[in-house]
Amino acid sequence: MAEAATRQALTPPAPETIALCSARFGNYEVPLESVLHFPDGLIGLPRARRFALLEPSRPEIPFRYLVCLDLPELGFLVCDPEAVFPGYAAEVVPAGGRAGAALLVIVTVPENPREMTVNLMAPLVVDGESRQGVQMVLDTGRFSTRHALLPAADATPAAAK
Amino acid sequence: MLILTRKLGEVIRVGDDVTVRVLEVRGNQVRLGVEAPLTVRIYREEVYRAIRKENEDAALSGASALDEATDAWQKQQRDKH
């Protein structure tokens with residue numbers, strides 16, 4: 001009896017990962033503790049509730065994929081807004097964002113990638129501790145859903161200075 | 001569609017937790033005050049639609065979006081220096 005109990009105690013715990021099998025983004029084992037939970041989903045996508053942020057292959061690049069674990073072919077290119085718009089977080093917090101929460105903005109890449117935009121009106125706000133997130137809406141007129149990420153393509157380097 | 005007529009200051013209640021009060025009527029503009037629990041998200045319709053469309057467009061960015069964005073970003077960083 002005692003021996004059986006010991007053996008049971010030594011049984012390794014169930015693997016604490018979720019398998020992501022996506023034709024689009026690849027296959028990953030996502031540790032449970034790194035799953036991001038959006039209880040309300042994203043706007044227009046109420047079923048997209050659990051996400052994984054894939055590690056960037058090149059850390060110096062501000063872009064990463066945020067892939068949905070509920071709808072594995074659904075994913076977004078996201079970026080750290082501070083890398084492209086310093087000071088953005090400071091404007092989001094007084095508008096209702098939580099201090100200390102992580103911010104991501106969704107990137108839309110059109111046919112011409114130089115014209116890619118970020119959605120500054122509806123950032124993703126994720127609490128670092130609970131890993132719960134929400135797509136916040138900054139309906140202040142200050143931010144657009146299509147803010148150009150790069151300076152205008154026709155701006156010459158001289159004009160940019 | 002349920003259609004109700006309300007006077008200035010009057011209220012419509014939606015379920016147990018949500019009220020909509022007519023605060024001001026001026027020309028073709030109406031100001032409404034909505035009270036609802038924090039879990040009920042309230043948007044102006046055009047804002048909701050714009051964000052939903054942007055989410056859809058962003059989701060359609062091909063699986064090559066990361067590479068394309070990275071190339072464009074790096075080229076711009078090089079041009080800056």
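Hey, any hits in the stretch A:130-143 for a residue that's in a loop (DSSP other than H, G, I, E, B), under 12 Å from the mean Cα position of the chain (by Cα) and modelled with pLDDT of 90 or more? Yes, there is a match, as at least one residue in the stretch A:130-143 is in a loop (DSSP other than H, G, I, E, B), under 12 Å from the mean Cα position of the chain (by Cα) and modelled with pLDDT of 90 or more. Is it true that residue A:76 is of a type in the set (Phe, Trp, Tyr), under 20 Å from residue B:66 (Cβ atoms) and facing chain B (nearest Cβ under 10 Å)? Judged against the criteria, residue A:76 is a match. In the stretch A:56-67, the residues that are at the interface with chain B (Cβ under 8 Å from one of its Cβ atoms) form Cβ pairs under 8 Å with partners that are aromatic (Phe, Trp, Tyr) and not in a loop (DSSP other than H, G, I, E, B), at six or more places apart or across chains, as follows: A:61/B:73; A:62/B:73; A:63/B:73; A:65/A:76.
State all residues of the stretch A:55-77 that are assigned to a loop (DSSP other than H, G, I, E, B) and either among the β-branched types (Val, Ile, Thr) or farther than 16 Å from residue A:105 by Cβ (or both); if no residue qualifies, say none. Once the filter is applied, which keeps residues that are assigned to a loop (DSSP other than H, G, I, E, B) and either among the β-branched types (Val, Ile, Thr) or farther than 16 Å from residue A:105 by Cβ (or both), the stretch A:55-77 yields A:55, A:57, A:58, A:59, A:60, A:61, A:69, A:70, A:71, A:72, A:73, A:74. When each of A:48, A:52, A:90 is tested for being outside any strand (DSSP E or B) and crowded, with 18+ Cβ neighbours inside 10 Å, the lone residue that passes is A:48. Restricting to the stretch A:32-45, and then to whatever is over 17 Å from residue B:40 (Cα atoms) and either modelled with pLDDT of 90 or more or among the hydroxyl-bearing types (Ser, Thr, Tyr) (or both), can you tell me which residue is surrounded by the fewest Cβ atoms within 10 Å (Cβ to Cβ)? The selected residue is A:34.
Given B:71, B:79, B:17, which one is among the charged types (D, E, K, R) and within 30 Å of residue A:41 (Cβ to Cβ)? None of the other options fit; the residue is B:17.
When B:66, B:38 are screened for being more than 9 Å from every other protein chain (Cβ to nearest Cβ) and either of a type outside the set (S, T, N, Q) or part of a loop (DSSP other than H, G, I, E, B) (or both), only B:38 passes.
Of the residues making up the stretch A:93-119, those that are modelled with pLDDT of 85 or more, in a loop (DSSP other than H, G, I, E, B) and over 17 Å from residue A:44 (Cα atoms) are A:109, A:110, A:111, A:112, A:116.
The values are calculated or read from the model by the stated rules, or taken from the named source; none is laboratory data. Quick caveat: nothing in here was measured; it's all calculated off a predicted structure. Every residue, glycine among them, receives a Cβ derived from its backbone with ideal geometry; neighbour counts consider all protein chains shown.
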